[in-house]
1. From the residues in region 232-247 that are without any contact (Cβ under 8 Å) to a residue 60 or more places away in the chain and out of contact with any His (no Cβ under 8 Å at 6 or more places or on another chain), which one is surrounded by the most Cβ atoms within 10 Å (Cβ to Cβ)?
2. For region 1-105, which strands (runs of 3 or more DSSP E) that fit wholly inside it have 3 or more residues that are in contact (Cβ under 8 Å) with a residue 40 or more places away in the chain, under 23 Å from ILE205 (Cα atoms) and of a type in the set (A, V, I, L, M, F, W, C)?
3. In region 180-209, what count of residues is obtained for those that are within 18 Å of the chain's Cα centre (by Cα), among the polar types (S, T, N, Q) and more than 19 Å from ARG48 (Cα to Cα)?
4. For region 111-121, which residues satisfy the criterion of being surrounded by fewer than 18 Cβ atoms within 10 Å (Cβ to Cβ) and in a loop (DSSP other than H, G, I, E, B)?
5. From the list ARG82, ARG136, ARG100, ARG106, exactly one residue is basic (Lys, Arg) and in contact with a Leu (Cβ under 7 Å, 6 or more places away or on another chain). Which is it?
6. Looking for whichever is over 21 Å from ASP134 (Cα atoms) and touching a Pro at 6+ places or on another chain (Cβ under 8 Å) here; the options are PRO12, PRO5, PRO79, PRO47. Which one fits?
7. Just the residues that are among the aliphatic types (A, V, I, L, M) and assigned to a helix (DSSP H, G or I), please, taken from region 232-261.
8. Restricting attention to region 15-67, which residues are among the charged types (D, E, K, R) and in contact with a Gly (Cβ under 9 Å, 6 or more places away or on another chain)?
Amino acid sequence: MASTPIRVFTTPEALGDHVAALLLDRIGAARREGRPFLLGSPTGRTPRPVLDALARRVAATREDLSHLVVVMMDEYLVPGARGLAYAPSSEPWSCHAFARVEIVGRLNAVLPAGRGVRETMVWFPDPAAPDAYDARIAAAGGIDLFLLASGASDGHVAFNPPGSPRESRTRIIPLSEETRRDNLLTFPTFGTLEKVPHHGVSVGIATIVDSKEALMLAWGAGKRETVSRMRAATRYEPDWPATLIHECARGEIIVDVAAAG
């Protein structure tokens, strides 16, 4: 298997600007072709430099994003009257809140009416029918580009923990303590580890690998271990899920110098 290219930037801001420019190029090409653009997206700290740069560029270019479909990779689940259900979208740590505030809210705030991301074009996996998510993605033509992030402590991607099968698809997953600790750092508003949910609904390894293009982002010294593990691998290694990037048809690892070590 060919080595996955790695690109190193001096700062998270430079990384974010590069990825934002690439995204707008891809999104614009899809619009000119008269088709939607499906963007797979994580939440948390890792995509923030990209979202910052994307908002700046969109404010300057007034890029039409009405054909953009934001395919969110996961959501926390909490006990409900009929079993596990979405965490309340009012919680600042929920993935619904992140999509609403950090993605749709920021982009639409700098665009004229009718050119922003439509609320109906932000997708989440349904805990009542997880496998329907993969079918919905496939029916829409597949994910054009998936932005990815890796857990610092165990290499998890979305909520896929170490040991996740290569063929896994969207499903409900018990969250490991390592994943929950990473998420506590990402969203300090949880307060304590006990407040971090124990389950999530998440795309699987195969869901991600099926995307047409994938960018694994990592910045900051805290991500050195996962970058080192990805560099050392040449294929998917279940004990470190971030190595899935080597299975992607057009995969690239994009890091800053602090993460590169």
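Readers should treat all values here as calculations from the given coordinates under stated rules, not as data from a laboratory. Quick caveat, the model's predicted, so the values are computed rather than measured. Counting neighbours? That spans all protein chains shown, and the Cβs are built from the backbone with ideal geometry, glycine included.
1. So in region 232-247, the residues without any contact (Cβ under 8 Å) to a residue 60 or more places away in the chain come out as 232-233, 237.
With the extra rule that they be out of contact with any His (no Cβ under 8 Å at 6 or more places or on another chain), the set shrinks to 232, 237.
Details: ALA232: 10, GLU237: 18.
Taking the candidates together, the pick is GLU237.
2. Details: elements: 6-9, 37-41, 68-72, 74-80, 83-86.
Filter on region 1-105 gives 37-41, 68-72.
3. Going through region 180-209 one residue at a time, the tally reaches 2.
4. Listed by number, the residues that qualify are PRO112, ALA113, GLY114, ARG115, ARG118.
5. Values: ARG82 fails: in contact with a Leu (Cβ under 7 Å, 6 or more places away or on another chain); ARG136 fails: in contact with a Leu (Cβ under 7 Å, 6 or more places away or on another chain); ARG100 fails: in contact with a Leu (Cβ under 7 Å, 6 or more places away or on another chain).
Just one listed residue meets the conditions, ARG106.
6. PRO12
7. In the first step, residues of region 232-261 are kept if they are among the aliphatic types (A, V, I, L, M); the result is 232-233, 242, 244-245, 249, 253-255, 257-260.
ALA232, ALA242, LEU244, ILE245, VAL257, ALA258, ALA259, ALA260 - these are the residues of region 232-261 that are among the aliphatic types (A, V, I, L, M) and assigned to a helix (DSSP H, G or I).
8. First pass over region 15-67, keeping only residues among the charged types (D, E, K, R): 17, 25-26, 31-33, 35, 45, 48, 52, 56-57, 62-64.
Result: ARG35, ARG45, ARG48, ASP52, GLU63, ASP64.
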